[in-house]
Amino acid sequence: MTDRSRAEALDAQDTLAPYRSRFAIPDDAVIYLDGNSLGRPPGATASRLESVVRHEWGDRLIRSWTEGWMDLPLEVGDRLGTALLGARSGETVVCDSVTVNTYKALHAAMALRPGRSTVVAHRGEFPTDRYVTRSVAQARGGRVWWIGDADEVSPAPVTADLVADGLDDDVAVVLLSVVDYRSAAIADVESITRVAHEAGALVLWDCSHAVGSVPLRLHDVDADLAVGCTYKYVNGGPGSPAFVWAHERHHDALENPVPGWMGHADPFAMGPAYAPAPGIRRFMTGTPSALALAAVDEGVSLLAEAGMDAVRTKSVALTSYAVDLHDAWLASRGVELASPRDPAQRGSHVTLRHPDARLLTDALTARGVIPDFRNPDGIRIGLAPLYTSFADVHDGLAALRDLL
Ligand SMILES: *Cc1c(COP(=O)(O)O)cnc(C)c1O
């Protein structure tokens, strides 16, 4: 089971294996186990960006805005939304960062529940989400009701019961991650959305660690709003813009608290007052980056072509293999698995805890194996289904075993 030949056999059977060659990977590549923080570049991205610079920008200059750039945030949003989020056309826009989008979406969601002032969020939520949640709740005269455990890298997914305990008739919005960035535990999106709705609250889902690794059905589960990253499993590049999704039933009532001209119904009328664009476009703020959107588009294309069901199947196989190697090699050497054992509850990374996680991560990096360190004692092994091979998992965890 731990023999390298097993990894080679799994790679030989892997229907997504050819996608690795669609990424720009140097011959002497490191073993990259951090695609959950920054994905690798698709091979087509460099030439796409060159073409945008040379032709769309260099030749067409300002004309490119009306020849396509203006609609890119919605076009790329639609491609991303339909392929990765289970969105209907017109529900997704790509713009700004997750932080800014969380700010906008949370303000807008709270405004849809006048008379209610509480936001329910998880103590162990990603820092930027916690900071923004506290700030938005305060700005609107409300408060945050924190649920769950702060310090534990807890493998237990957030359940509908845990959320239901925090709900009362003052809760306007529940903000949660679909995949916990610490443990990779997957929240039960459908049940949590239902219990929140039963209590009269809305749910804002942060899909940063789920988009491009776990198939989502946001429209069909009747979710309200969502945000997420494109530089992790979507491979859009460092700092690539995030997305905002909102169910179409909310569009007419949603107000962007950053009413910029690009979310205006008629930006070039330069009118005296703000009037929101119809639909999800109103969540735009300022001028979008045509270069960054082109890069996001390349990342989305590869995932759309592979299909999220195949991506999920490979993701489960990769993380299951990593768990097997943990059990065989690492558990007896002081490592604790901090991700769910049940693959149905696990996203696309596996978190290993060890008191020397910091030193081990540095030593692995020095040997050409790049995982991700999470304070204080977590080593995250991020497995990106389109380019991580089973041999990568084997060789990376063998290096960790040898160090221990
Ligand atoms: C990666 C991540 C972010 C990042 O936010 P940015 O504003 O894009 O830096 C936010 N929330 C979660 C849950 C994340 O995983």
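The values are calculated or read from the model by the stated rules, or taken from the named source; none is laboratory data. Keep in mind the model is a prediction, meaning the values are calculated, not measured. With ideal geometry, Cβ positions are generated from the backbone for all residues, glycine too; neighbour counts draw on all protein chains shown. Protein only, heavy atoms only, side chains kept; ligands, DNA and RNA dropped before computing areas. Shrake-Rupley method; radii C 1.70, N 1.55, O 1.52, S 1.80 Å.
One table, with the values for the structure above:
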read-out	value
Residue 170 versus residue 21: modelled label distance in nm, points set 7 Å from Cα along the beta carbon direction	6.2 nm
For the chain, size of Cβ-based charge dipole, Lys and Arg +1, Asp and Glu -1, in debye	540 debye
Surface accessible to a 1.4 Å probe, residue 333 within the full protein complex, Å²	100 Å²
Alpha-carbon centroids, the range 67-99 and the range 209-288: separation in whole Å	7 Å
Protection-proxy order for peptides 55-63, 253-261, 272-280, each taking the mean of Cβ atoms within 10 Å per residue, highest first	253-261, 272-280, 55-63
Average accessible surface area per residue within the range 112-270, 1.4 Å rolling probe, Å²	38 Å²
Apportionment of accessible area to carbon and sulfur, the range 1-127, percent (1.4 Å)	55 percent
Rg over Rh [alpha-carbon atoms, Kirkwood Rh] for the range 169-319	1.00
Protection proxy ranking of 203-212, 118-127, 354-363 - average other beta-carbon atoms within 10 Å, highest first	203-212, 118-127, 354-363
Projected-area average for the range 292-404 over all orientations - Cα convex hull basis, square nanometres	7.7 nm²
Segments 13-24, 84-95 sorted - mean Cβ within 10 Å per residue, highest first	84-95, 13-24
Ellipticity estimate at 222 nm from DSSP helix runs (n ≥ 4, -39,500 (n - 2.57)) divided over the chain, nearest 500	-10000 deg cm²/dmol
Percentage relative contact order, the chain, counting C-alpha pairs under 8 Å, at least six apart	24 percent
With DNA, RNA and ligands ignored, accessible area of residue 104 (1.4 Å probe; Å², nearest 10)	0 Å²
Projected label distance in nm at residue 273 and residue 362, using a 7 Å step from Cα toward the beta-carbon	6.0 nm
For the range 315-335 and the range 147-196, distance of Cα centres in Å	26 Å
